[in-house]
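> Structure incoming, see below.
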Amino acid sequence: MTFAIHGLSVSNGVAIGRALTISSASLEVNHHFIQSGQEQQELKTLFDAFEAAKKELFDLKTNLPEDAPEEMAAFLDVHHLILNDPELQHKAEELIKKRHFNAAWALTTVLDELLATFESIEDPYLKERGADFRQVIERVLVALKGAHHSEDHHLQKKVDRESSEVIIVAQDIAPHDMLRFKELNFCAFVTDLGGKNSHTAIVARSLDIPAAVGVKNASDLIQQDDWLIVDGDRGIVIVNPPSIILEEYRHRQAELRLAKNKLQLLKHTPTKTLDGQKINLLANIEMPEDAAEALSSGALGIGLFRSEFLFMNREDGIPDEEEQYQAYAQTVTAMHGMPVNIRTIDIGADKNLDSELKTITSDISPLGLRGIRWSLTEPDIFLEQLRAILRASAHGKAQILIPMLTQSKEIEQTFDLINMAKRQLDERGIAYNPKIQIGAMIELPAAVFILPVFLQHFDFLSVGTNDLIQYTLGIDRADASVAHLYDPLHPAVLSMIYKVIYDCQEANKPVSICGEMAGDASLTRLLIAMGLKDFSMHASQLLMVKRELLKADMSKLKNSLTEILTTFEPNLQAKLIERLSNV
Ligand code: PEP
Ligand code: MG
């Protein structure tokens, strides 16, 4: 049956492929396609994990204390029976052989199916037996994890070629899971939940593949292997399209490919406006490996390295100073002397730690212990990170960028810790750049209103419009139900952005925008009119923004700014902004 479902567009383009529905249970394990020829090896891994789990159960039963309750032995017997059910292992084997799922993925898929069956049973006693299956399968998963412990996540890079036709459909995908997908080769994403500027959406955008979020009930309505068209420009998903619609979209896909190739011609063109104003386009990255793409897009540096992604999606605790140092030094070296703004860990809200420290972050509230607030409550971890960044500064232009600051006290404490990290390195005789530049993110209205304090302490500022919009309008950026109210053009937002740019220029302080607004080519002229000269965005957006800049005249655009900033009527404001494209 053909039908269309609507959501929010988060990444443009058109994708055509088959649905791969993923449940949240299977998201908790590493999953990747194994290569053809690896099936036997993966089946053996599965078999060994089953055997290890059986042995564990056997040992448990044999060593059961004498005073253990009777039910305990019965309970272990039930689990033993489940584990020996040939059907359970057989189903997972089929998924490995036929669909090339890795063992953990195959197992969680079987678990999901079983749980759904138990869920539909009315008898409350039988319904609860689903929990036994879950516990048994989780025991096997733990054994599998042990088997794969020495494997690196990069194993996932070995993706079967067929995956380039696969569209992931899930209820929700956490940012760190999205990062995991970054190493795979899927052609689009669709999720039931999520806002346009959630971190999940941001990572999806950086993959430069079409994606739609907030597509309500997509994961229920779409079946495994359904044919899908994801229209990323409009946030529409067409399920099992008729051939005439497919043809139309294939045609559009070809056109988009052509336009993209054309953009590549701009790669080496110097970024100057028509009136000769030089503009700096930098890149946002999540991992050191992203620096290569930044370079090839012509970025003049890394405006934002979201270092928290190094801390997420890990089974072995958070990275220590040495590991971080290697990651930062690798990035700085790759950028050949161009600036790399390493933002200190911005954990919290929709970005959570996987490790034992998870409980410290205040779960999902964007108003909780996030960014610098978290770092200041964990001074040892913060110092480790600061030392790692400082050490990387011996290899190139590493700069420190602090997120989520709102108060003078936090600024003071932050500098105290930076100075302490420097002293610690001095004591160890380790090299770093003592004049390392230190910047602050401006992403809360409070920061805008005490801007002189920031100007006094920091070498540069970077406006995080994603959060500035969230905290100004009181809208959780990851919540699909209020996504329609998330408005970058709200007069309150625009006047704050302009104030920061203006005040920085008056104070002769470098200022950039590294939120998603910087990479939205439809807003480039507006930001130029405000006098912005430093933009930081995903590498994939850079050439589109550049194309706009090359056609813009900063001096002329400036004339329209006052009228735009003082117009509070949305339709009129939209017309005025639209008119900028003719200036
Ligand atoms: C922002 O808030 O605009 C920003 C760039 O930081 P993040 O999206 O990581 O919160
Ligand atoms: Mg932010």
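The values are calculated or read from the model by the stated rules, or taken from the named source; none is laboratory data. Quick caveat, the model's predicted, so the values are computed rather than measured. Cβ: placed from backbone, ideal geometry, glycine included. Neighbour counts: every protein chain shown. Surface areas here come from the heavy atoms of the whole protein model, side chains and all, with no ligands, DNA or RNA. Shrake-Rupley method; radii C 1.70, N 1.55, O 1.52, S 1.80 Å.
> Out of everything in region 190-249 that is charged (D, E, K, R) and not in a loop (DSSP other than H, G, I, E, B), what residue ends up being modelled with the lowest pLDDT?
Selected residue: R205.
> Next up: Tally time: how many residues in region 530-583 are aliphatic (A, V, I, L, M) and on the phi > 0 side of the Ramachandran plot?
Number of matching residues: 0.
> Please work out if A174 is under 21 Å from the mean Cα position of the chain (by Cα), farther than 21 Å from A4 by Cα and small (G, A, S).
Taking the combined requirement at face value, the residue satisfies it.
> Still on this structure, I have one more. Mind counting the residues in region 439-459 that are open to solvent by 10 Å² or more (accessible area, probe 1.4 Å) and either within 15 Å of E410 (Cβ to Cβ) or more than 16 Å from ligand 2 (Cβ to nearest atom) (or both)?
Result for region 439-459: 10.
> Run down I436, I430 and say which single residue is surrounded by 17 or more Cβ atoms within 10 Å (Cβ to Cβ), more than 15 Å from ligand 1 (Cβ to nearest atom) and not in a strand (DSSP E or B).
Answer to the selection: I436.
> Only one of these is closer than 19 Å to V142 by Cα and of a type outside the set (D, E, K, R): F101, F118. Name it.
Criteria check complete, one pass: F101.
> To continue, here is another question. Would you point out the residue of region 328-351, among those that are in contact with a strand residue (DSSP E or B) (Cβ under 8 Å, 6 or more places away or on another chain) and closer than 15 Å to F309 by Cα, that is nearest to ligand 1 (Cβ to nearest atom)?
This residue is D346.
> Among the residues of region 365-417, write down those that are outside any helix (DSSP H, G or I), more than 19 Å from G464 (Cα to Cα), in contact with a strand residue (DSSP E or B) (Cβ under 9 Å, 6 or more places away or on another chain) and open to solvent by 30 Å² or more (accessible area, probe 1.4 Å).
Answer for region 365-417, where residues must be outside any helix (DSSP H, G or I), more than 19 Å from G464 (Cα to Cα), in contact with a strand residue (DSSP E or B) (Cβ under 9 Å, 6 or more places away or on another chain) and open to solvent by 30 Å² or more (accessible area, probe 1.4 Å): just K397.
> With the requirement that a residue be open to solvent by less than 40 Å² (accessible area, probe 1.4 Å) and within 14 Å of ligand 2 (Cβ to nearest atom), what does region 476-487 give you?
Passing the criteria: R477, A478, Y486.
> Scan region 439-461 for residues that are among the β-branched types (V, I, T) and away from ligand 1 (no atom under 14 Å from the Cβ) and jot them down.
Across region 439-461, the qualifying residues are I450, V453.
> Is it the case that region 385-397 has a residue that's at pLDDT 95 or above and under 25 Å from I497 (Cα atoms)?
Scanning region 385-397 turns up no residue that is at pLDDT 95 or above and under 25 Å from I497 (Cα atoms).
> What about V10, is it modelled with pLDDT under 85 and β-branched (V, I, T)?
So V10 fails the test.
> Now a separate question. For region 1-18, which positions are within 19 Å of the chain's Cα centre (by Cα) and open to solvent by 70 Å² or more (accessible area, probe 1.4 Å)?
N12, the sole residue that qualifies.
> Moving on to the next point. Yes or no: region 462-471 includes at least one residue that is more than 13 Å from ligand 1 (Cβ to nearest atom), modelled with pLDDT of 95 or more and not in a strand (DSSP E or B).
The answer is no, given that none of the residues of region 462-471 is more than 13 Å from ligand 1 (Cβ to nearest atom), modelled with pLDDT of 95 or more and not in a strand (DSSP E or B).
> With respect to the numbered conditions (1) among the hydroxyl-bearing types (S, T, Y); (2) over 18 Å from Y325 (Cα atoms); (3) more than 16 Å from ligand 2 (Cβ to nearest atom), which one is the sole condition not fulfilled by T406?
(3)
> Quick test for you: out of L258, L304, pick the one residue that is touching a strand residue (DSSP E or B) at 6+ places or on another chain (Cβ under 8 Å) and either open to solvent by less than 30 Å² (accessible area, probe 1.4 Å) or outside any loop (DSSP other than H, G, I, E, B) (or both).
The unique qualifying residue is L304.
> Oh, and also: Would you mind stating whether K91 is modelled with pLDDT of 90 or more, open to solvent by 40 Å² or more (accessible area, probe 1.4 Å) and basic (K, R)?
Considered against the rule, which asks whether it is modelled with pLDDT of 90 or more, open to solvent by 40 Å² or more (accessible area, probe 1.4 Å) and basic (K, R), K91 comes out as yes.
> Tell me, yes or no, whether region 562-569 has at least one residue that is in contact with a Ser or Thr (Cβ under 8 Å, 6 or more places away or on another chain) and more than 23 Å from V340 (Cβ to Cβ).
The answer is yes; a qualifying residue exists.
> Continuing with this model, one more query. Out of (1) within 33 Å of the chain's Cα centre (by Cα); (2) crowded, with 16+ Cβ neighbours inside 10 Å; (3) within 18 Å of T273 (Cβ to Cβ), the odd one out for L565 is which?
(3)
> Moving to a separate point now. Six or more apart or on different chains, Cβ under 9 Å: which pairs go from a residue in region 391-413 that's more than 18 Å from M441 (Cβ to Cβ) to one that's of a type in the set (D, E) and at pLDDT 95 or above? Could you list them?
R391/E321
> Right, here's the next one. Among the helices (runs of 4 or more DSSP H) contained in region 475-583, which hold 3 or more residues that are free of Cβ contacts under 8 Å to residues at least 24 places away in the same chain?
Ranges flagged: 570-579.
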